[in-house]
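The values are calculated or read from the model by the stated rules, or taken from the named source; none is laboratory data. Predicted model, so just to flag it, every value in this text is computed and none were measured. Because the Cβ atoms are built from the backbone with ideal geometry, glycine has one as well, and the counts that use them run over all protein chains shown.
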Amino acid sequence: MKVKDWAKGPPNPPLCFPGFSMTYLDNNATTPLDPRVLEVMLPFLSEKFGNPSSPHAAGRATRDAVETARAQTATLVGARPEEIVFTGCGTESINTAIRGALAAQPGKRHIITSSTEHSAVKNSCEQLAREGCEVTWLCVDASGRPNMDEFHAALRDDTALVSVVWANNETGVIFPIEEMARIANERRIVFHADAVQAAGKIAMDLARVPVHLLSISAHKFHGPKGVGALFVRSGLGLPPLLLGGGQEHGRRSGTENVPGIVGMGRAAALAQAAIAGDMPRVAQLRDGFEHGVRARFPGVRFHGDTADRLPNTSNFALPDFAATDVLAALDRSGVCCSIGSACASGSPHASHVLRAMNVDDEEAKRSLRFSFSRMNTARDAEHALSALDGVARRLGGDD
Ligand code: PLP
């Protein structure tokens, strides 16, 4: 089957690539590329190879495509095209935002973040603490929401930056970003939101939400890997992380990853439509799956605020079984899920996110994350449930 055939009308259900036979429920780690995204990328991997900085026809063709993608990406988050800087990934956007905000305010060395951040923010802040900055790590409650009293109390005249996750990658818990950004704005403090998981799953309107900086990544919403974007609000001076040829108006040097950027733009446009179109169905799938898990495992413990949560994410501890054993057994049954974040899956430590939510070490080590996408179907949820039945029988020694 040619790419064109997949793109014409996705096999319904499921929308996926020929030969893809797994039940993939690890979409917070990464999502499959939408075939319609691949289709728009392919010419930029072959005949449309010009450098967007070149002042000739080949360069103009790719420059126009980059600018179209910039407008599409801006629309996904409710920004203006000139506020979007393309980067190499979410991690680069985050590092640019955090390092840049500090470099722009040399007299201020205090950062506020939360204790449930992705390692891109967590490790950046830990490194800055080693370099002499002071970091306040906001606590969260048992449902994963930040303590707002602590947040108010943490704001200081020498606070350079607040950087918090919009939606948590392990639990899906959504932070009150609009409220937090308003509070930071009242104190004239720069606010960065890590929206890598939120973008494409929930509606976002930066015309209304007063964040100064926001990081997103294409591979989390059925775009390609190796391309991200940083929103920089108009008027904010942000020194670049990468110096060189001055691309992206001097905000991120390096010849643009044109196929990736074009793919990100198309993925953003599709994700924008899917927020209202597909996400309610994804939430139903996730909720039905959780219902099935609850019925099978009465002692199960779900983690995270169920009211303010991404529509696709489920995190829970099964009674009795170590998550590493369940993960491996599910993998053998063709079901992909994860233990905490993909980056931490090899770590022997219990998830810092769950530990911050007061989940004890032993329960945290029994915890699994299942994350759905619009490419999943009811069949995937059913397969995962029957695989869990089998795993419980095997690990429980019933057969
Ligand atoms: N922030 C969050 C919340 C994430 O979930 C991830 C990836 O898992 C990142 C940042 C890093 O994004 P990237 O993989 O594009 O570097």
Checklist entry - Out of all the residues in region 288-307, which are surrounded by fewer than 17 Cβ atoms within 10 Å (Cβ to Cβ) and under 14 Å from Met357 (Cβ atoms)? => result Arg301, Phe302, Thr306
Next on the checklist: Suppose the filter is modelled with pLDDT under 95 and of a type in the set (Phe, Trp, Tyr); does Phe372 pass it?
Outcome noted: no
Item to check | Condition broken by Asn257, with the remaining ones in (1) within 16 Å of the ligand (Cβ to nearest atom); (2) under 30 Å from Arg366 (Cα atoms) satisfied | outcome: (2)
Checklist entry - Which members of region 88-102 meet the condition of being in contact with a Gly (Cβ under 8 Å, 6 or more places away or on another chain) and small (Gly, Ala, Ser)? => result Gly88, Gly90, Ser93
Item to check | Residues of region 71-124 satisfying the condition of being outside any loop (DSSP other than H, G, I, E, B), within 15 Å of the ligand (Cβ to nearest atom) and acidic (Asp, Glu) | outcome: Glu92
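Any chance you could count how many residues in region 171-202 are polar (S, T, N, Q) and surrounded by 22 or more Cβ atoms within 10 Å (Cβ to Cβ)? Talk me through it step by step, then tell me what you get.
Our first condition is that a residue be polar (S, T, N, Q); within region 171-202, this holds for 171, 185, 197.
If we keep only those that are surrounded by 22 or more Cβ atoms within 10 Å (Cβ to Cβ) as well, we get 171, 197.
Result for region 171-202: 2.
Return yes when Ser93 is within 30 Å of Pro224 (Cβ to Cβ) and crowded, with 22+ Cβ neighbours inside 10 Å and no when it is not.
Working: within 30 Å of Pro224 (Cβ to Cβ): yes; crowded, with 22+ Cβ neighbours inside 10 Å: yes.
Against the criterion (within 30 Å of Pro224 (Cβ to Cβ) and crowded, with 22+ Cβ neighbours inside 10 Å), Ser93 qualifies.
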Next on the checklist: Here are the criteria: (1) closer than 30 Å to Ser163 by Cα; (2) among the hydrophobic types (A, V, I, L, M, F, W, C); (3) crowded, with 22+ Cβ neighbours inside 10 Å. Tell me which single one Val37 does not satisfy.
Outcome noted: (1)
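Filtering region 174-199 down to residues that are β-branched (Val, Ile, Thr) and farther than 17 Å from Lys122 by Cα, which residue is nearest to the chain's Cα centre (by Cα)? Reasoning before the result, please.
Going residue by residue through region 174-199, those that are β-branched (Val, Ile, Thr) are 174, 177, 183, 189-190, 196.
If we keep only those that are farther than 17 Å from Lys122 by Cα as well, we get 174, 177, 183, 189-190.
On the way: Ile174: 12, Ile177: 15, Ile183: 24, Ile189: 24, Val190: 21 Å.
In this case the residue turns out to be Ile174.
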